[in-house]
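Only one structure is covered here, and it is reproduced in the block below.
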Amino acid sequence: MLSDIQGLLDRYTAWLKSSINLREIGDWVEITTPFVDRHNDQLQIYAKRENGHFLLTDDGHTMQDLESSGCNLGTPKRQELLKMTLNGFGVKLDYEQLRVTATPENFPLKKHSLIQAMLAVNDLFYLAEPIVKSLFFEDVIAWLDLSDVRYTPKVKFTGLSGYDHLFDFVVPKSRLAPERILRAINRPSRATAETFIHAWSDTREVRSPESQAYAILNDTEQAVPAEVPEALSAYNIRPVTWSHREEVRQRLVA
C-alpha cells in the first residue's frame, strides 16, 4: 500500500510541476496554478522578494470575488469562521488580500497553504446570503451538535509529503469506532473532490490504519455530479450527500 500511495503522490507532484506557469510583472511574479475557482478559472497568486523573504498574495481576488457576488462576510459569526479557516493555514487577511511570508526553505509549503486557503474560503462562503440563508458549514455544525457527535473543528494534519492539510472536523476514536475525519464540501465538483482525495491520500499513511474519511456533500441547491462520489469511493472516502446524512449519524455518534 505504501508504494502505491507513493506512486500516486509522485504522479501528482509531476502533474503539479508541469501545470504551473510563471509571468513577470514588474517586481512581482504571477504564478498560475492548475487549481480552479468556482468560475473554473485557474487560481493565480503573486510573489515578490521583500527584505530577504518572499511575500505571497492573492492580490485580493478571493475576497473581492465573493463580495461582488453578494456574499456578506460582515457578520461576527462569519468573521470568526473566516479567521478560524485562515489561521488553520497560517494565512493572514490584510486589506482584503490573503497573504503569507515565506523563506526560500519553506516557499513550497507556504505557497501550498495560500492556495488551500483560497480554495477553502471560496468553498465556505460562495453560496452565502443573499443566495442561500445559511452557510453549509454552519448547517453541518448544527447537525453534528443536534446529533450529539463529539468533534473537533478545523484540525490540521501534516501529510507524508510534509505538507499540512486542514480538515473540517475530526471525530475522535472511541471504544466502538475509529477516528473519523470529515470534510464538508459545499460545491461538489471534480476539483473539490480531487483536493480532498489528495489531502486524504497524503494524510492517511501517517494516521491510524483504522482512520476513516467522510465527505459531506451539499446537494441542497443542485445534484451532486455522479463522478464525485465514484472518485471519492475509489480512495476509500465515504461520500455522504446532505439529503442522506441521517444514514451515517450513528456511525459518527459511536
Just to confirm a number: summing +1 for Lys and Arg and -1 for Asp and Glu over residues other than residue 22 whose beta-carbon lies under 13 angstrom from that of residue 22, what do you get? +2
Largest fluctuation, 185, 20, 31 only, Gaussian network model of the chain with Cα springs under 10 angstrom, belongs to 20
Of all C-alpha pairs within the chain, those more than 27 angstrom apart amount in percent to 37 percent
Which whole number in µm²/s is D for the stretch 76-197 by Stokes-Einstein, with the Kirkwood Rh taken over Cα pairs at 37 °C and 0.692 mPa s? 209 µm²/s
How are the C-alpha pair distances of the stretch 196-254 spread across 10 Å bins, as whole percents from the shortest bin up? 21, 49, 28, 2
Could you give log10 I(q)/I(0) at q = 0.27 Å⁻¹ for the stretch 139-206, computed by the Debye formula over C-alpha point scatterers of equal weight, without solvent? -1.25
What is the distance in Å between the Cα centres of the stretch 157-213 and the stretch 34-64? 25 Å
Dividing the mean separation of Cα pairs under 8 Å (6+ apart) by the residue count of the stretch 117-254 yields a relative contact order in percent of 21 percent
Which angle from 0 to 90°, rounded to the nearest 10, does the C-alpha axis of helix 2-18 make with the longest principal axis of the chain? 40 degrees
Please report 242, 28 as a ranked list, fewest other C-beta atoms within 10 angstrom at the top and most at the bottom. 28, 242
Measure nothing but the geometry: give the 0 to 90° angle between the long axis through the Cα atoms of 136-146 and the longest principal axis through the Cα atoms of the chain, rounded to 10°. 30 degrees
For the stretch 136-253, rounded, prolate or oblate, judged on the Cα gyration tensor with a ≥ b ≥ c (square roots of eigenvalues), a/c < 1.5 rounded, else prolate if a/b > b/c? oblate
Dividing the surface of the Cα convex hull of the stretch 18-125 by four yields a projected area in nm² of 7.1 nm²
Once the other residues with Cβ under 10 Å from the Cβ of residue 237 are scored (Lys, Arg +1; Asp, Glu -1), what is the net sum? +3
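Each value in this text was obtained by applying a stated rule to the coordinates, not by laboratory testing. Keep in mind it's a predicted model, so treat the numbers as computed, not measured. Glycine also receives a Cβ, built like all others from the backbone with ideal geometry; neighbour counts cover every protein chain displayed.
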